[in-house]
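Chemist: Got a structure for you, questions after.
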Ligand SMILES: NC(=O)c1ccc[n+]([C@@H]2O[C@H](COP(=O)([O-])OP(=O)(O)OC[C@H]3O[C@@H](n4cnc5c(N)ncnc54)[C@H](OP(=O)(O)O)[C@@H]3O)[C@@H](O)[C@H]2O)c1
């Protein structure tokens, strides 16, 4: 039977936008005491106002080891943590500087790894990572992103053993319409989303709320750990 989130302490890293923000809203609506974090204090403040229900927020760059350590050191135990930090611009192997490649790995993979090391989570609690479909369906224009996602899924399975009885799961979203593509030309974005809606078995574009619902299930289902859940409209089988 699903556990209640009422009164639980939930942290969403990358909670000021997209999937993280939708997760923060859904958890708060389910009665959780939500804290969300990301780099931009403006985005954090705006998100806290949207989430409501007494949510709090903090400006935190998770690539800053000292800042992340200081953040977790002064926090009591969490019931549930969700890591939904985005990596940065994707590109092909010859189109990205090594510095950017290291930065992407740092933001997405090492944030999850460091969080698992630093955070204290209650025994009945959970850690949920967000990977992505590129782990299974590589794309030459986002080569590293697929590698990062695959590493995260492996990390999630391993952490389910390392942190037991804390449950650790990974959600792998397909194409989701979030601000992650804010820099993409509007016409190109529309064409991509229209194509997805026409060709995916689910016949629609994914929304951040679809992924948030899956994350909440993983937080509250006491028998789910070490799993990777695809929320991709059937993209994996199409
Ligand atoms: N949308 C999709 O189609 C899709 C598909 C597959 C996988 N995913 C994955 O899902 C996750 C969430 O993506 P999204 O679509 O929700 O993206 P988003 O709307 O761009 O949200 C990303 C969040 O990460 C935060 N962030 C970025 N770098 C950070 C850092 N160094 N420290 C702390 N926070 C940081 C951002 O806030 P600040 O800018 O304030 O830091 C923002 O809150 C990502 O890992 C993404 O790769 C998304």
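Chemist: Nearest 5 is fine: what % of DSSP beta bridges in the chain come out antiparallel, could you say?
Modeler: Here the antiparallel bridges make up roughly 0 percent for the chain.
Chemist: Which three extents, in angstrom, do the Cα atoms of segment 74-140 have along their principal axes, listed largest first?
Modeler: That works out to 44, 26, 14 Å along the principal axes.
Chemist: Against the longest alpha carbon principal axis of the chain, how many degrees, from 0 to 90 and to the nearest 10, is the axis of helix 186-199 turned?
Modeler: It works out to around 90 degrees.
Chemist: Now for a different question. Rounded to the nearest 500, what is the chain's calculated 222 nm mean residue ellipticity when only DSSP H runs of at least 4 contribute -39500 (n - 2.57) each, over all residues?
Modeler: -12500 deg cm²/dmol
Chemist: Per residue, what volume in Å³ does the convex hull of the Cα atoms of the chain enclose? Write out the running numbers ahead of the final one.
Modeler: Working: hull volume 29.1 nm³, N = 238.
In the chain, the Cα convex hull volume per residue is 122 Å³.
Chemist: Give the distance, in whole Å, between the Cα centre of segment 52-76 and the Cα centre of segment 167-225.
Modeler: A separation of 26 Å, based on Cα centres.
Chemist: Provide 21, 144 in ascending order of the number of other Cβ atoms located within 10 Å of each residue's Cβ, fewest first.
Modeler: With the fewest neighbours first, 21, 144 line up as 144, 21.
Chemist: Right, here's the next one. What's the FRET efficiency of residue 59 with residue 190 using the Cβ-Cβ distance as r and R₀ = 35 Å, to the nearest 0.05?
Modeler: 0.60
Chemist: Also: Say we join alpha carbon atoms closer than 10 Å with springs in a Gaussian network model of the chain; which of 33, 203, 43 then has the biggest fluctuation?
Modeler: 203
Chemist: Using a Gaussian network model on the chain with a 10 Å cutoff between Cα atoms, which of 29, 150, 191 fluctuates the most?
Modeler: In the Gaussian network model the winner is 191.
Chemist: Still on this model: Computed FRET efficiency, Cβ-Cβ of residue 202 and residue 39, R0 35 Å: what is it to the nearest 0.05? Present the calculation step by step, with values, prior to reporting the outcome.
Modeler: Numbers: r = 32 Å, r/R0 = 0.93.
With R0 = 35 Å, the Cβ-Cβ based efficiency is 0.60.
Chemist: Rank these for me by crowding, 110, 78, going from fewest to most other beta carbons within 10 Å.
Modeler: 110, 78
Chemist: I would also like to ask the following. Mind checking the angle between helix 143-162 and the chain's longest principal axis? C-alpha axes, 0 to 90 degrees, to the nearest 10.
Modeler: 30 degrees
Chemist: What spacing in nm lies between the two simple spin-label points modelled at residue 95 and residue 50, each 7 Å away from Cα in the Cβ direction?
Modeler: 2.8 nm
Chemist: On to the next question. Exposure proxy check: 180, 148, 93, 19 ranked by fewest other beta carbons within 10 Å?
Modeler: 93, 180, 148, 19
Chemist: Percent relative contact order of the chain, based on C-alpha pairs within less than 8 angstrom and at least six residues apart?
Modeler: 20 percent
Chemist: Separate question: Of the residues 55, 47, 91, which exhibits the maximal mean-square fluctuation in a Gaussian network model of the chain defined by a 10 Å Cα contact cut-off?
Modeler: Looking only at 55, 47, 91, the biggest GNM fluctuation is shown by 91.
Bear in mind that the values in this text are calculations on the coordinates, not laboratory data. Predicted model only: the values in this text are computed from it and were never measured. Every residue, glycine among them, receives a Cβ derived from its backbone with ideal geometry; neighbour counts consider all protein chains shown.
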